[in-house]
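The values are calculated or read from the model by the stated rules, or taken from the named source; none is laboratory data. In this text the structure is predicted, and so the values were computed from the model without any measurement. Cβ sites come from the backbone with ideal geometry, for glycine too, and all protein chains shown count toward neighbours.
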Amino acid sequence: MTTDATVSMQGAELDPDELRANLRLADAGVLVAVLAQLTGDAAVPDRFADKISYEPNPPEQVGVTDPETLETLVAAVAEAVARAGSGSQEPGALPADDPGLFARIAPVALGTPVGEEYVGLLLEQGGFHPSQPVLAREAALPPDFKVVIIGAGMAGMAAALECAAAGIDYEIIDRNAEVGGTWYTTGYPGIGVDTPSAYYSLSRDINGAWSSYYPQGDEYQRYLQSVADKNNLRQRTRFSTEVEALWWDEQRGQWQVHALAADGSRDVSYANVVIPAVGYLNRPRWPELAGRDSFAGVSIHSAEWDPELDLRGKKVAIIGAGCTSVQIVDACVDEVEHLTVFQRQPHWVAPRRRLSDDVPEHRRWLNTHIPFYANWNRLKSFWGTADNNYPVIVRDPEWAAEHLSISPANDVLLQMCLDYIDRTFGAGSELARKVTPDFAPYGKRIIRDPGGYYAALTRSHVDVEAAEPARVNERGIVTQDGRQIELDVIIYATGYHLDFLATVDIRGRDGLRLSEFWGDSPSAYRGGMVPGFPNMFISSAPNYSPGHGAGHNFGVEVMVHYVMECLQLMAQREATTIEVTPEAFESYVRHIDETMADTVWCHTPTAHTYYRSGGGRIVTAFPFRLIDVWQSHRAPIAEDLILR
């Protein structure tokens, strides 16, 4: 045990009393893992595991132990932190990311068994080491090889970081004036992250200082800006520039990148590889509503919020009942004179399962001062809603034949949501009837109550209309039953057009247009590859979003790893182009659709969801376990690809 007045750790001087005080408030299971990693001692779990029990603290299982064992742990971790600060470690100690060590400590830290197949995935998703290459890095791409990344949101930044790590020249082009994508452009009241903040970050750049378990949008935007700052991404980015077209140039074996700058000038540049990373929810969708332009008050779409708009004392209507509407209602209910919520279809709403979303100070301290602590917090947030949650979306035919829910696992969630409705509105009440969906949970995206949405609907100055407006006039909205609602402001929380690169003119070999190839049912092979479009990897591709857990960042990082492996395959084969064969493409898409047929999205026909394309195909979510997606993207299957 150290007797120094202070402990040096990660360039900071830690007060021993403060260190121990915070360690006593830590997750005991995580402390065991941290101790094992700091010391490289695989026997640590054997000393402590049987003295750790677990208490639910959503979305994690929190490890607890008796006071005597805790004090032993605290003393051992404090000493290990001191040794780590001095750079000393026992000879022969295991590395912190040793797979064998990790397999022993993960169940203790996470509070559940961990299958061997998950070890590699968890090491990467926990940020214990970067994505591990599979193909030998024995060949190099040509020195003038260049990747153009379209979009500077999370996906584009992830692609840029991997290019930089691989020593590949890249350029980002973004239509906005700053990084961040959605989090830069959207700023309606209450906007926030609905994936746990501990997980919703890049595994290469974990943030342990979140102020909230589900932070507001401006805090998340600051995180993305910090990633750009630390990695000099702005120096490699053309801002305020719209990519209008991508045309394959057969003669050059490169993509023509047609760009429009903010000053109206146009130029054409070239890239060996393009990675469109612009997302598929970009253009605000306004409803086709009679008289919409006649309203004399303020009409505003949530995606185009005016920060100068003051709702205090106003009579307001909000059209929509999805996540955006829920956050706006929660944020503004105390300001408005009267609020009317127009709900075309109710969503299932899950209760906030903590009294507060504020991250306790001791947890933030541990995340930022104790090695590996933030990594485990990230991993626990991931694990709590990862493949353990997969049965929620898979249909059990016998169960579904007699229940609204599609499986026993799905029913657990349904009953939790029904209980929340009954507790808030009263079982059998008119409001309870209005907010209760007629489809199974996950049939459309489930919503997390920020804390005050359901409560807001019970307020005396709030009305819920369980229908769309009939029409708009100069004074406000006319309801389906002919009532006039006088309004000052109408908020359209009606979502976005589902666009898979529909706003970019993309032409592949022989002038083939991507929009024509896709029609109304976009689809893609691994890595967002489409036959006839060589050297293009669509980051936010069809069927790349996790539907049952994790977050957008999971699909992004799996995708980018696969792209880097494909580029290495090109280097090994000295190939100029790479593309998927039509046969492999069709087989892969068929496998997606066959697996999708057993999921909740194909068995909730009454649910209105953006997950479906115009042709009815589920195009956003993937129907597989996270581990299946991760494993299938470790390395390219050479026989599925054409390399020239």
### Task
Please determine, by comparing only the residues of the stretch 37-46 that are buried (at least 18 other Cβ atoms within 10 Å of the Cβ) and aliphatic (A, V, I, L, M), which one is nearest to Ser381 (Cα to Cα).
Leu38
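In the set Asp174, Asp169, which member is surrounded by 23 or more Cβ atoms within 10 Å (Cβ to Cβ), among the charged types (D, E, K, R) and either touching a strand residue (DSSP E or B) at 6+ places or on another chain (Cβ under 6 Å) or assigned by TED's automatic domain parsing to the domain that holds Gly551 (or both)? Reasoning before the result, please.
Working: Asp169 fails: surrounded by 23 or more Cβ atoms within 10 Å (Cβ to Cβ).
Among Asp174, Asp169, only Asp174 is surrounded by 23 or more Cβ atoms within 10 Å (Cβ to Cβ), among the charged types (D, E, K, R) and either touching a strand residue (DSSP E or B) at 6+ places or on another chain (Cβ under 6 Å) or assigned by TED's automatic domain parsing to the domain that holds Gly551 (or both).
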### Query
Which of (1) in contact with an Asp or Glu (Cβ under 8 Å, 6 or more places away or on another chain); (2) assigned by TED's automatic domain parsing to the domain that holds Ala158; (3) of a type in the set (Gly, Ala, Ser) does Gly264 not meet, given it meets every other one?
(1)
### Query
Any idea which of (1) of a type in the set (Asp, Glu); (2) touching a residue at least 12 places away in the same chain (Cβ under 8 Å); (3) farther than 30 Å from Ala106 by Cα; (4) surrounded by fewer than 20 Cβ atoms within 10 Å (Cβ to Cβ) is the one Asp357 doesn't satisfy?
(3)
### Task
All but one of (1) among the hydroxyl-bearing types (Ser, Thr, Tyr); (2) at positive phi; (3) in a helix (DSSP H, G or I) hold for Tyr442, so report the exception by its number.
(3)
#### Entry: Only listed residue being assigned to a helix (DSSP H, G or I), of a type outside the set (A, V, I, L, M, F, W, C) and either assigned by TED's automatic domain parsing to the domain that holds Val274 or in contact with a strand residue (DSSP E or B) (Cβ under 6 Å, 6 or more places away or on another chain) (or both), chosen from Gly615, Gly549, Gly532, Gly527
Gly527
### Task
Inspect all residues belonging to the stretch 71-83 and state whether any of them is closer than 17 Å to Pro113 by Cβ, at pLDDT 95 or above and among the small types (Gly, Ala, Ser).
no
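Taking into account only those residues within the stretch 3-36 that are modelled with pLDDT under 80 and crowded, with 17+ Cβ neighbours inside 10 Å, which is farthest from Val62 (Cα to Cα)?
Looking at the filtered set, the residue picked out is Val7.
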### Task
Check the stretch 240-256 and report whether any residue there is hydroxyl-bearing (Ser, Thr, Tyr), crowded, with 22+ Cβ neighbours inside 10 Å, out of contact with any Leu (no Cβ under 9 Å at 6 or more places or on another chain) and touching a residue at least 24 places away in the same chain (Cβ under 8 Å).
no
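Looking only at the stretch 389-409, which residues are loosely packed, with under 15 Cβ neighbours inside 10 Å and assigned to a helix (DSSP H, G or I)?
Step one: of the stretch 389-409, the residues loosely packed, with under 15 Cβ neighbours inside 10 Å are 397-398, 401-402, 408.
Once the filter is applied, which keeps residues that are loosely packed, with under 15 Cβ neighbours inside 10 Å and assigned to a helix (DSSP H, G or I), the stretch 389-409 yields Pro397, Glu398, Pro408.
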### Message
Test of understanding: among Asp334, Asp357, which residue is over 23 Å from the mean Cα position of the chain (by Cα) and more than 30 Å from Ala36 (Cβ to Cβ)?
### Response
Asp334
### Summary
Over the stretch 10-46, the set of residues within 23 Å of Asp98 (Cβ to Cβ), in contact with a Leu (Cβ under 8 Å, 6 or more places away or on another chain) and part of a helix (DSSP H, G or I) is Ala28, Gly29, Leu31, Val32, Leu35, Ala36, Gln37, Val44
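Which is of a type outside the set (Phe, Trp, Tyr) and on the phi > 0 side of the Ramachandran plot, of Gly320, Gly297, Gly384? Before you say what the answer is, go through the steps one by one.
On the way: Gly297 fails: on the phi > 0 side of the Ramachandran plot; Gly384 fails: on the phi > 0 side of the Ramachandran plot.
Answer to the check: Gly320.
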### Query
Out of (1) under 24 Å from Gln327 (Cα atoms); (2) assigned to a helix (DSSP H, G or I); (3) among the acidic types (Asp, Glu), what's the single condition that is false for Glu162?
(1)
### Query
Scanning for something in a strand (DSSP E or B) and of a type in the set (Phe, Trp, Tyr), does the stretch 189-199 turn up at least one residue?
no
### Query
Out of the residues in the stretch 306-320 that are surrounded by fewer than 18 Cβ atoms within 10 Å (Cβ to Cβ) and not small (Gly, Ala, Ser), which is nearest to Arg285 (Cα to Cα)?
Asp306
### Query
Somewhere in the stretch 371-383, is a residue in a helix (DSSP H, G or I), of a type in the set (Lys, Arg) and buried (at least 23 other Cβ atoms within 10 Å of the Cβ)?
yes
### Task
Out of Thr599, Thr620, Thr581, report the one residue that is under 16 Å from Trp518 (Cβ atoms), in contact with a strand residue (DSSP E or B) (Cβ under 7 Å, 6 or more places away or on another chain) and in the same structural domain as Pro534 (by TED's automatic domain parsing).
Thr620
### Task
Read through the list (1) of a type in the set (A, V, I, L, M); (2) modelled with pLDDT of 95 or more; (3) surrounded by fewer than 20 Cβ atoms within 10 Å (Cβ to Cβ); (4) outside the structural domain of Gln216 (by TED's automatic domain parsing), then give the number of the only condition that Ile447 fails.
(3)
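If we keep just the residues of the stretch 257-282 that are among the β-branched types (Val, Ile, Thr) and modelled with pLDDT of 95 or more, which is surrounded by the most Cβ atoms within 10 Å (Cβ to Cβ)? Even if it seems obvious, please write down each step before you answer.
Initially, the stretch 257-282 is screened for residues among the β-branched types (Val, Ile, Thr), giving 257, 268, 273-275, 278.
The next check asks that each one be modelled with pLDDT of 95 or more; those that pass are 257, 268, 273-275.
Details: Val257: 21, Val268: 11, Val273: 25, Val274: 25, Ile275: 29.
Applying the filter and picking the extreme gives Ile275.
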### Task
Could you tell me which residue of the stretch 185-212 is modelled with the lowest pLDDT, considering only residues that are surrounded by 20 or more Cβ atoms within 10 Å (Cβ to Cβ) and of a type in the set (Ser, Thr, Tyr)?
Thr195
